[in-house]
Amino acid sequence: MVRADGPGELADRLAAVPAGARVAVVDPRFVGHRHALRLALTDPRFPAGAVPGALGVAPEGRPALQRAVTSLTRPAPVPATSVPAGSGAPAPAAADATVPAQTRTSRPRPTDLPGVLAERLADAGVAVHQVDLGVLTATVPADEAARTAAAEAVAAVDDERVRLRSAVKSRDGFFTTFCISPYSRYLARWCARRGLTPNQVTTASLLVALVAAGCAATGTRPGFVAAGVLLIASFVLDCTDGQLARYSLRYSTLGAWLDATFDRVKEYAYYAGLAIGAAHMAGHHDDVWALALGAMVLQTCRHVVDFAFTEANHDATANTSPTAALSDRLDSVGWTVWARRMIVLPIGERWAMIAVLTAVTTPRVVFLVLLIGCALAACYTTAGRVLRSLTRRARRTDRAAVALADLADSGALARLLARPVRGLPPFGAPACALLGSAVAVATAWLAPAGSWWPVLGAACYVVISGIAVAAPLKGALDWLVPPFFRAAEYTVILALAARSGVPGALPAAFGLVAAVAYHHYDTVYRIRGGTGAPPRALIRAIGGHEGRLPAVTVLAALLAHTHALTTALAALAGILALVVLTESIRFWISAGAPAVHDETGEPT
């Protein structure tokens, strides 16, 4: 911590700080909660953060800050303190204070130097995060009376209690909110005080879930009971890692990747463990593998519906509808909020149900109940979103159309077939996607093993799916195009493996769908981070959905009734997983990867 008297000396002090360091400018008269300073000065997600009397700037915002300070030719009315954030130097004394609500929500133009600099940074195009203080206080008192009033008010607000409360998502499922978060937040604080990182807790959650899957794979009742207990323990750690990140403000690109993918890895690995356990219980039978693969297909398609609808509408203009208004009115009634969150079977409720059923029933019962529950939840959420889309007067943006095209995962063949098409009628895109998907799935399910009808159905799918993406996806229901494509590809793989009757074909198909699903989840989180879809070279290398689906149908026709089909599906799964994971890891550990964290609290 160093003191600077005026902008001139501050400019010199800032220039002397190493270029890669985050810096903070704090008015020495600052009065407020320490956590308010922490939020403004140390949150790595933003290039700059500000509260009244304090400004934190990341390395990428330092050049603009230097220019802003230099531009202040006259001495500032108050001195300022400049410290490298995270340097270990103590923060300025942060007495408790209170400020009228209007001071925190609609402040006049700042007179303190950090506030003036924050305005200059915003004018220069730097995204300055204005911290939502809530009950916290941050102010630069004008006189001794104001300082005294602030000091008296802080005593009524427990800074640490606020910090703990803010570590929990503002919106989450019933089970997570009332059965996990009341104690997992204290586990997060315990981890923070012992120097554990969110990434370490995330990895621990994954390892516990994999051990749970291994216990389920034993096929014994003690193994199933242990698996259920460990699955809940893994979920507790899964909640703890995010709460630890929010409590300690330790976000990272690697953490974003781990957080974005490990939930699905854990859940689907557990499905595989249950299927293996069922095979050990009843001899070598693959029928439970079909249920496990069906559960993975249904759950992944549900997520794609969520992602596509969100991307299509989050920046749409005139985005209102009677259905949305009704939903808002229902949310004003307390019990309906929790009932509606439970109906969609979010991750907390879903994992709790799986854990309990694993301990007391059989894997077959677990999957049957899971399929029924997820199917009802999918019908409820999808029907509501279709109604919202049909009744709202929304004008979707070019960005949304690009995001939906990226989620569609169309390769070179679909783009080539789309070129001659000059526009589509209203609802033409989802209608084509649905038609093509129905043809592909029907031929795969109904044709006997070894038939070439699925190949013909796949050829029709390729042509029709190319037409579906011929125009920008800006229609009211165009967000359904990616889910239709995902459902077609995954279900065709499931159908061909199940109809083949070849031992081991369904487990190999499970691995293939898992590899493709990982690619689709990876695409989603890149889009959420604002970096767009994976490189076109990757899409070409793995064929696009319209390339993979025909390839699988040809393999099923050529290798029918032989163990070579299992080998071919397993090899294809391995190759896709290697290519996709290599590119994904390269991206998420690169400097340009976004720190994507789900702060909305929407349960999945």
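The values are calculated or read from the model by the stated rules, or taken from the named source; none is laboratory data. If you're wondering where the values come from, they're calculated on a predicted model, not measured in any experiment. Here the Cβ positions follow ideal geometry from the backbone for every residue, glycine too, while neighbour counts run over all protein chains shown. Areas reflect the complete protein model, heavy atoms only, side chains present, ligands, DNA and RNA absent. Shrake-Rupley method; radii C 1.70, N 1.55, O 1.52, S 1.80 Å.
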**OP:** With the condition kept exactly as written, say whether any residue in segment 252-263 is modelled with pLDDT under 95, aromatic (Phe, Trp, Tyr) and either open to solvent by less than 40 Å² (accessible area, probe 1.4 Å) or not in a helix (DSSP H, G or I) (or both).
**Re:** yes
Original post:
How many residues does segment 395-408 contain that are in contact with a Ser or Thr (Cβ under 7 Å, 6 or more places away or on another chain) and outside any helix (DSSP H, G or I)?
Top reply: 1
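Yes/no matrix, rows are residues, columns are (1) at pLDDT 60 or above; (2) of a type outside the set (Gly, Ala, Ser); (3) part of a helix (DSSP H, G or I):
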{"residue": "Asn319", "(1), (2), (3)": "no, yes, no"}
{"residue": "Leu326", "(1), (2), (3)": "no, yes, yes"}
{"residue": "Arg329", "(1), (2), (3)": "yes, yes, yes"}
{"residue": "Arg341", "(1), (2), (3)": "yes, yes, yes"}
{"residue": "Ile354", "(1), (2), (3)": "yes, yes, yes"}
Subject >> Residue that is least open to solvent (accessible area, probe 1.4 Å), among those in segment 406-420 that are under 19 Å from the mean Cα position of the chain (by Cα) and of a type in the set (A, V, I, L, M) >> reply: Ala408
**OP:** Would you mind stating whether Arg486 is basic (Lys, Arg) and open to solvent by less than 10 Å² (accessible area, probe 1.4 Å)?
**Re:** yes
Subject >> Top-ranked residue in segment 584-604 [being surrounded by 15 or more Cβ atoms within 10 Å (Cβ to Cβ) and either at pLDDT 95 or above or hydroxyl-bearing (Ser, Thr, Tyr) (or both); ranked as farthest from Thr491 (Cα to Cα)] >> reply: Ser584
**OP:** Kindly provide the set of residues from segment 124-180 that are surrounded by fewer than 14 Cβ atoms within 10 Å (Cβ to Cβ) and touching a His at 6+ places or on another chain (Cβ under 9 Å), ordered by number.
**Re:** Glu160
**OP:** Determine, yes or no, whether Ala570 is at pLDDT 95 or above and either part of a helix (DSSP H, G or I) or crowded, with 19+ Cβ neighbours inside 10 Å (or both).
**Re:** yes
**OP:** Looking only at segment 17-43, count how many residues are open to solvent by 70 Å² or more (accessible area, probe 1.4 Å) and at pLDDT 90 or above.
**Re:** 3
**OP:** Being surrounded by fewer than 19 Cβ atoms within 10 Å (Cβ to Cβ) and touching a residue at least 60 places away in the same chain (Cβ under 8 Å) is the filter; apply it to segment 456-476 and report the residue that is nearest to Ala497 (Cα to Cα).
**Re:** Ala459
Subject >> Lone qualifier among Leu345, Leu376, Leu387, Leu368 - being part of a loop (DSSP other than H, G, I, E, B), in the same structural domain as Gly277 (by the TED database) and modelled with pLDDT of 85 or more >> reply: Leu345
**OP:** Using the structure shown, decide if Gly228 is open to solvent by 10 Å² or more (accessible area, probe 1.4 Å), within 23 Å of Met296 (Cα to Cα) and assigned by the TED database to the domain that holds Arg350.
**Re:** no
